[in-house]
Amino acid sequence: MMKKKVLLMGKSGSGKTSMRSIIFANYIARDTRRLGATIDVEHSHVRFLGNLVLNLWDCGGQEAFMENYFASQRDNIFRNVEVLIYVFDVESRELEKDMHYYQSCLEAILQNSPEAKIFCLIHKMDLVQEDQRDLIFREREENLQRLSKPLDCTCFRTSIWDETLYKAWSSIVYMLIPNVKELECSLTNFADIIDADEVLLFERATFLVISHTERRPHRDPHRFEKVSNIIKQFKLSCSKLAAQFQSMEVRNSNFAAFIDVFTSNTYVMVVTSDSTIPSAATLMNMKNARKHFEKLEKLSENQPSSMGVR
């Protein structure tokens, strides 16, 4: 089993637990209002793609806890970290203090896990006036990348009310998947064989996009995370009615899209614009490809485990 330690940090009230609950615990955005503040560190083990386990440390952001992380708990918290995700509340009135804590995190990471990947989420962007969002995000991003040196930091703008949360978390999880290049190569071959415009692979529980291939350009660069968001909400609606979401076909005069269970850990989405290809043929091709992708997953599961994580 491959365990990856992921630290989720940021000031109390920045939205860490809400986003974790939406992505990994099937909450919808409005239900996160009832979540209380995280006390100290909450540990959760999220099984992802069968063999990959995200060892998620959600660290409470109250001042007393933060000071403790950098003092008595420093080695325990910051050792063997694969990914640090630091969440900033875009509306925070204490930006200087936020930056101080972030830099303290970076110092501890440099000392204990210098190979860790750093992601900063500028969160609650829905509270910023729409015409100001690009400007504010760019300013924060430039500032954070400068402060993060010599470490590299990747920034995302996020909100629990739209697809931006899925974009950020898909990108983060993507770099943790061990055989992702092989997966993409197989998806490209599959798309070529069945003459698909594009093929997407979603992780089954979270519906995060973990791999895709595109044979024809599309004008909407945010379509993947929009689909993730829509289908996840639809799945939750089905479960509330005690119904199971299995598959879906959407067709109009321009395209056909098929979403179906693929392997034991994934869903697949195939989009084609060739109206002469019958639905039955595409569905049969999807069914026939399952064995190959199941085999890829098994190979990934048999890879040697990464370093032990406390």
### Message
Could you give the length gained by full extension between Asp152 and Ser279, i.e. 0.36 nm per residue of separation minus their alpha carbon distance, to one decimal place?
### Response
41.2 nm
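Over the chain, with the other protein chains present, what is the accessible area per residue in square angstrom, probe 1.4 angstrom?
Details: 15100 Å² over 310 residues.
Normalised by residue count, the accessible surface of the chain is 49 Å².
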### Query
For the range 45-129, with the dipole built from +1 on Lys and Arg beta-carbon atoms and -1 on Asp and Glu ones, taken about the Cα centre, which of Asn68, His100, Leu84 lies farthest toward the positive end?
Leu84
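What order do you get for 238-245, 265-272 when each peptide is scored by the mean count of other beta carbon atoms within 10 Å, highest first?
Values: 238-245: 10.2, 265-272: 22.8.
Result, highest mean first: 265-272, 238-245.
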#### Entry: the chain: antiparallel DSSP beta bridges as a percent of all, rounded to 5
55
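Among rounded, prolate and oblate, which fits the range 174-300 when a ≥ b ≥ c are the square roots of the eigenvalues of its C-alpha gyration tensor, a/c under 1.5 means rounded, and a/b larger than b/c means prolate?
Values: a/c = 1.31, a/b = 1.01, b/c = 1.30.
Rounded is the answer for the range 174-300, as its axis ratio a/c remains below 1.5.
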### Summary
Over the chain, the sum of -39500 (n - 2.57) across DSSP H runs of at least four, divided by residue number and rounded to 500 deg cm²/dmol, gives at 222 nm -12500 deg cm²/dmol
#### Entry: Solvent-accessible area, 1.4 Å probe, carbon plus sulfur percent, for the range 33-188
47
### Query
Given the pairs Lys4/Lys295; Lys5/Lys295; Lys3/Lys167; Lys124/Lys287, which are separated by over 30 angstrom at their Cα positions?
Lys124/Lys287
### Task
State, as an integer percentage, the relative contact order of the range 242-302 based on alpha-carbon contacts under 8 Å between residues 6 or more apart.
24
### Message
As I understand it, the dipole of the chain uses +1 on the Cβ of Lys and Arg and -1 on the Cβ of Asp and Glu, about the Cα centre. Which of Thr276, Ile109, Leu241 lies farthest toward its positive end?
### Response
Leu241
### Message
On a 28 Å Cα-Cα criterion, which of the cross-link pairs Lys11/Lys181; Lys240/Lys298; Lys235/Lys291 come out too long?
### Response
Lys11/Lys181; Lys240/Lys298
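Ranked highest first by average number of other Cβ atoms within 10 Å, how do 127-134, 207-214 line up?
Details: 127-134: 11.2, 207-214: 21.9.
In decreasing order of mean packing, 127-134, 207-214 become 207-214, 127-134.
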### Query
Taking the highest mean first, how do the peptides 106-118, 136-148 order by number of other beta carbon atoms within 10 angstrom per residue?
106-118, 136-148
### Query
Setting aside same-chain residues fewer than 8 positions from Lys226, which aspartates and glutamates have a Cα under 18 Å from its Cα?
Asp126, Asp162, Glu163, Asp197, Glu198, Glu203, Glu214, Glu249, Asp260
#### Entry: Average silhouette area of the range 1-134, convex hull of alpha-carbon atoms, in square nanometres
9.0
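The values are calculated or read from the model by the stated rules, or taken from the named source; none is laboratory data. The model shown is predicted, which means the values in this text are computed figures rather than measured ones. Quick reminder, even Gly has a Cβ in these numbers, built from the backbone with ideal geometry, and neighbours come from all protein chains shown. The accessibility values were calculated without ligands, DNA or RNA, using every heavy atom of the protein model including side chains. Shrake-Rupley method; radii C 1.70, N 1.55, O 1.52, S 1.80 Å.
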